[in-house]
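Enquirer: This is the structure, below, for whatever I ask next.
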Amino acid sequence: MVRLTFEHESEVEESNLDSSLLDISLKHGIPHMHVCGGHARCSTCRVLVCQGQENMLPRNAAEQALAEQKGLEDNIRLACQARVKGDVTVRRLVLDHQDVDLVMQEQQQTTGREQNVAILFSDIRGFTSFAERHLSYDIIHILNRYFQEMGEVVLANHGYIDKYMGDGLMALFGVDEQDSSINCMHAVTSALQMGEALERVNRYLKQNFDEQFEIGVGVHVGEVVLGNIGHRDRAHFTAIGDAVNIASRVEGETKMIDSSVLVSQCMHAHISNQVHFGQTLKTELKGKSGDYLLYEVLGLKGE
Ligand code: FES
């Protein structure tokens, strides 16, 4: 007979040590969450082992796999898989449906999902030669000031700042929103507002460094895979897929026609009623076959 204490809930005695912690808690009327039905797939049954870690049997293969995927510490156990050989005290960690929602969101991010998003790339033209003319301290300071301005624009338009690549920025629109037309408008509005934000950065640069930045912004919309990628301690929520590469290539083409904002044909289809366009560029994109039509964005209609 072992004594199991569910902290702040109840203390129970159990003689059948083949039972999982989840079986035991449910048998005793504890409302233990188990969204996947006890198949080591959701982790909503997770418990913290507060006392008696030495009385927990080692993780089985299924629990080990999920624990590694989620980076669970040794004292966090899946109640649906964990078994005991002596007295332990545990605390349930997922207590209500709000907790379940949080865990399921985390699960979605970890396992990846296909989604249609608008992808924005921006880049400072001629940044390498700019960096050669200035001290390291100034370069970092200026870049941070620049990214602060650009980042505010992205966030204000419901975007997700995916990453910084040197002087480049990648942002996603639609991580939490399914309507592609809304996402495309958020992305193109960001692209235009980045131009306005650049004027603020340039006033500062002119005054303090006698310099000016020019930027190019490319936007494309398409299917990507979203998820956390990387070492479990350094994983990063990001998008991968061909659409990301295309968005990057579109940004690269802004130099070709000396345009600030270019969008792909897919983007054009979503925003054509609401945007003023300038030049159209028919071009090949590096690494892609065939010609692509790209559209210069001048502004929003009605502004
Ligand atoms: S109930 Fe889903 S992992 Fe335990």
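Enquirer: Exactly one of these conditions fails for T44: (1) modelled with pLDDT under 95; (2) within 11 Å of the ligand (Cβ to nearest atom); (3) more than 27 Å from the chain's Cα centre (by Cα); (4) polar (S, T, N, Q). Give me its number.
Expert: The single condition T44 does not satisfy is (3).
Enquirer: If I ask for residues that are exposed (fewer than 14 other Cβ atoms within 10 Å of the Cβ) and out of contact with any helix residue (DSSP H, G or I) (no Cβ under 6 Å at 6 or more places or on another chain), which ones from segment 281-298 would you list?
Expert: If the condition is that a residue be exposed (fewer than 14 other Cβ atoms within 10 Å of the Cβ) and out of contact with any helix residue (DSSP H, G or I) (no Cβ under 6 Å at 6 or more places or on another chain), then K282, E284, G287, K288, S289, G290, D291 are the ones that fit.
Enquirer: Could you tell me how many of the residues in segment 80-92 are more than 30 Å from I229 (Cβ to Cβ) and within 16 Å of the ligand (Cβ to nearest atom)? Lay out the reasoning, then the answer.
Expert: Filtering segment 80-92 down to residues more than 30 Å from I229 (Cβ to Cβ) leaves 83-92.
Those left that are additionally within 16 Å of the ligand (Cβ to nearest atom): 83-84, 90-92.
The qualifying residues number 5.
Enquirer: Please tell me if R77 is within 11 Å of the ligand (Cβ to nearest atom), in the same structural domain as D101 (by TED's automatic domain parsing), of a type in the set (D, E, K, R) and on the phi < 0 side of the Ramachandran plot.
Expert: yes
Enquirer: Determine whether segment 161-182 contains at least one residue that is assigned to a helix (DSSP H, G or I), in contact with a strand residue (DSSP E or B) (Cβ under 6 Å, 6 or more places away or on another chain) and not β-branched (V, I, T).
Expert: For segment 161-182, residues assigned to a helix (DSSP H, G or I), in contact with a strand residue (DSSP E or B) (Cβ under 6 Å, 6 or more places away or on another chain) and not β-branched (V, I, T): present.
Enquirer: Let me ask something else. For segment 116-142, what are the residues that are crowded, with 17+ Cβ neighbours inside 10 Å and farther than 17 Å from V250 by Cβ?
Expert: Within segment 116-142, F127, F130, A131, I142 qualify.
Enquirer: I would also like to ask the following. How do the pairs read when you match residues in segment 125-138 that are within 19 Å of V217 (Cβ to Cβ) with residues anywhere that are modelled with pLDDT of 95 or more, using Cβ under 6 Å and keeping only pairs 6 or more apart or on different chains?
Expert: R125/E214; F127/D167
Enquirer: Checking E63 against (1) more than 11 Å from the ligand (Cβ to nearest atom); (2) in contact with a strand residue (DSSP E or B) (Cβ under 6 Å, 6 or more places away or on another chain); (3) under 27 Å from G230 (Cα atoms), which single condition isn't satisfied?
Expert: (1)
Here is a yes/no grid of residues against (1) under 25 Å from Q105 (Cα atoms); (2) among the acidic types (D, E); (3) without any contact (Cβ under 8 Å) to a residue 40 or more places away in the chain; (4) not in a strand (DSSP E or B):
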{"site": "H8", "(1), (2), (3), (4)": "no, no, no, yes"}
{"site": "V12", "(1), (2), (3), (4)": "no, no, yes, no"}
{"site": "D18", "(1), (2), (3), (4)": "no, yes, no, yes"}
{"site": "L48", "(1), (2), (3), (4)": "yes, no, no, no"}
{"site": "R77", "(1), (2), (3), (4)": "yes, no, no, no"}
{"site": "Q81", "(1), (2), (3), (4)": "yes, no, no, yes"}
{"site": "G86", "(1), (2), (3), (4)": "no, no, no, yes"}
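Enquirer: In addition: Criterion first (within 27 Å of S10 (Cβ to Cβ) and touching a Pro at 6+ places or on another chain (Cβ under 9 Å)) does L57 satisfy it?
Expert: It is false that L57 is within 27 Å of S10 (Cβ to Cβ) and touching a Pro at 6+ places or on another chain (Cβ under 9 Å).
Enquirer: On the basis of being in contact (Cβ under 8 Å) with a residue 60 or more places away in the chain and surrounded by 13 or more Cβ atoms within 10 Å (Cβ to Cβ), does V154 make the cut?
Expert: Working: in contact (Cβ under 8 Å) with a residue 60 or more places away in the chain: no; surrounded by 13 or more Cβ atoms within 10 Å (Cβ to Cβ): yes.
Here the answer is no, as V154 does not meet what is asked.
Enquirer: Take F173 and tell me if it is surrounded by fewer than 21 Cβ atoms within 10 Å (Cβ to Cβ), in contact (Cβ under 8 Å) with a residue 40 or more places away in the chain and not assigned by TED's automatic domain parsing to the domain that holds G71. Walk me through how you get there before you give the answer.
Expert: On the way: surrounded by fewer than 21 Cβ atoms within 10 Å (Cβ to Cβ): no; in contact (Cβ under 8 Å) with a residue 40 or more places away in the chain: yes; not assigned by TED's automatic domain parsing to the domain that holds G71: yes.
Spelling it out, it is not the case that F173 is surrounded by fewer than 21 Cβ atoms within 10 Å (Cβ to Cβ), in contact (Cβ under 8 Å) with a residue 40 or more places away in the chain and not assigned by TED's automatic domain parsing to the domain that holds G71.
The values are calculated or read from the model by the stated rules, or taken from the named source; none is laboratory data. Source: prediction; values computed, not measured. Cβ: placed from backbone, ideal geometry, glycine included. Neighbour counts: every protein chain shown.
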